[in-house]
Amino acid sequence: MNTIHPSIDAMNQLIAAYTVASQNARFCHWNVVGPHFEDDHELFGELYTELSDEIDLFAERIRALRGFPMSRLSELLAATTLQEYTLPMTARNMQKNILADYEYISEEMNTMIETTADDAVTQDIIVGSKRQIDKRSWMLRSLLWE
């Protein structure tokens, strides 16, 4: 992504990562099985919804900056290193993979916070979204505690 505005680049990177992560959460929501099905199914549904809602926030910020959000699936998949999930996968592995997606996004946000230092509004959006990503990461780590 080589736009003129670092905030647009950051928001598009987040759109790409959140789109893949939200689809992965939906994949888990649809495909989870096991003794804790109901809890896992609900958790993955919540994650999908939260991630999807944030995508719209990022796109709206790009439009406010007079840019255009990435929206083609091929572009989105090319713009992030997050990978789509495939079956078979246990519920535990789904949880671990979702946690890895969240931790990746959180790390990317650290860099984005620095690169958007001249744009307080975009930076605020990233910080707020990172707060939620980090909270869910903590919850997933607690769920996976051994």
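FYI, it's all coordinate maths here, none of it is from the lab. The structure presented is a predicted model; accordingly, all values stated were derived computationally and were not measured. Because the Cβ atoms are built from the backbone with ideal geometry, glycine has one as well, and the counts that use them run over all protein chains shown.
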Cβ-based net charge around GLU54, under 14 Å, with every Lys or Arg adding one and every Asp or Glu removing one: -4
For the chain, calculated [θ]222 nm from helices alone, where every DSSP H run of n ≥ 4 adds -39500 (n - 2.57): -26000 deg cm²/dmol
Net lengthening on full extension, LYS96/PHE37 (0.36 nm per residue, minus Cα-Cα): 19.7 nm
Cα pair distances exceeding 27 angstrom across the stretch 6-143, given as percent: 19
